[in-house]
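Remarks on the structure that follows.
The values are calculated or read from the model by the stated rules, or taken from the named source; none is laboratory data. As the structure is a computational prediction, the values presented were derived from the model and not from experiment. Note: ideal-geometry Cβ built from the backbone for every residue, glycine included; neighbour counts use all protein chains shown. Quick note on the areas: whole protein, heavy atoms, side chains included, nothing else; ligands and nucleic acids left out. Shrake-Rupley method; radii C 1.70, N 1.55, O 1.52, S 1.80 Å.
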Amino acid sequence: MSDIFDYKKLFENFYQEKEIVDEVIQIFIDTTGKQIVQLDGWISDVDKNLADIRFTIHSIKGSAYNITAVKTGDIATAIQKACDEKDIAAIPKLYESFKKSYFELKNSIETALLE
């Protein structure tokens with residue numbers, strides 16, 4: 001088990017249906033990649049884009065937890081909380097941590113799929 005992603009647990013969660021697991025993972029990577037592009041545009045003006053950031057990060061949070069990406073989900077949770085508390089200064093810093101976590105996750109997923 002990786003602290004980034006637990007492929008074995010995900011596989012068990014989806015009743016060992018490899019095709020479904022692979023599809024869910026691919027949807028997560030594709031969708032989250034597109035959402036990151038949106039977030040990158042919004043993060044420069046957090047105050048103006050707070051509602052969009054919160055909505056998008058909430059969606060990513062649920063998806064991350066769904067695929068057993070706890071670290072990424074936890075950072076998304078922290079961003080959502082910062083949005084709820086209107087902690088404008090914290091959001092860009094947390095977002096950088098989130099992006100780093102996402103790309104680590106993506107690499108971990110790609111490695112797991114090759115095994």
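If you check residue 29 against the conditions, is it open to solvent by 30 Å² or more (accessible area, probe 1.4 Å), closer than 22 Å to residue 114 by Cα, of a type in the set (A, V, I, L, M, F, W, C) and assigned to a helix (DSSP H, G or I)?
Values: open to solvent by 30 Å² or more (accessible area, probe 1.4 Å): no; closer than 22 Å to residue 114 by Cα: yes; of a type in the set (A, V, I, L, M, F, W, C): yes; assigned to a helix (DSSP H, G or I): yes.
No.
Every residue, every condition in (1) over 13 Å from residue 4 (Cβ atoms); (2) among the aliphatic types (A, V, I, L, M), yes or no:
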site	(1), (2)
66	yes, no
72	no, no
76	yes, yes
87	yes, no
92	yes, no
96	yes, no
99	yes, no
105	no, yes
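Do you know which of the residues in region 54-77 that are of a type in the set (A, V, I, L, M, F, W, C) and without any contact (Cβ under 8 Å) to a residue 24 or more places away in the chain is surrounded by the fewest Cβ atoms within 10 Å (Cβ to Cβ)?
Among those that are of a type in the set (A, V, I, L, M, F, W, C) and without any contact (Cβ under 8 Å) to a residue 24 or more places away in the chain, it is 55.
In the list 37, 46, which residue meets the criterion of being at pLDDT 95 or above and touching a helix residue (DSSP H, G or I) at 6+ places or on another chain (Cβ under 8 Å)? Talk me through it step by step, then tell me what you get.
Numbers: 37 fails: touching a helix residue (DSSP H, G or I) at 6+ places or on another chain (Cβ under 8 Å).
Answer to the check: 46.
Could you tell me whether any residue of region 41-53 is under 24 Å from residue 23 (Cα atoms) and open to solvent by 60 Å² or more (accessible area, probe 1.4 Å)? Lay out the reasoning, then the answer.
In the first step, residues of region 41-53 are kept if they are under 24 Å from residue 23 (Cα atoms); the result is none.
Taking every residue of region 41-53 in turn, none turns out to be under 24 Å from residue 23 (Cα atoms) and open to solvent by 60 Å² or more (accessible area, probe 1.4 Å).
Take the residues in region 91-115 that are under 15 Å from residue 42 (Cβ atoms) and in contact (Cβ under 8 Å) with a residue 12 or more places away in the chain, then tell me which one is surrounded by the most Cβ atoms within 10 Å (Cβ to Cβ).
Residue satisfying both the conditions and the ranking: 91.
In this structure, is residue 21 open to solvent by less than 30 Å² (accessible area, probe 1.4 Å), assigned to a helix (DSSP H, G or I) and farther than 18 Å from residue 73 by Cβ? Explain how you work it out, then say what you get.
On the way: open to solvent by less than 30 Å² (accessible area, probe 1.4 Å): yes; assigned to a helix (DSSP H, G or I): yes; farther than 18 Å from residue 73 by Cβ: no.
Considered against the rule, which asks whether it is open to solvent by less than 30 Å² (accessible area, probe 1.4 Å), assigned to a helix (DSSP H, G or I) and farther than 18 Å from residue 73 by Cβ, residue 21 comes out as no.
Kindly indicate whether any position in region 83-96 is aromatic (Phe, Trp, Tyr), within 9 Å of the chain's Cα centre (by Cα) and at pLDDT 95 or above. First the steps, then the outcome.
First, the residues of region 83-96 that are aromatic (Phe, Trp, Tyr): 95.
If we keep only those that are within 9 Å of the chain's Cα centre (by Cα) too, we end up with none.
Checked against the condition, which is being aromatic (Phe, Trp, Tyr), within 9 Å of the chain's Cα centre (by Cα) and at pLDDT 95 or above, region 83-96 yields no hits at all.
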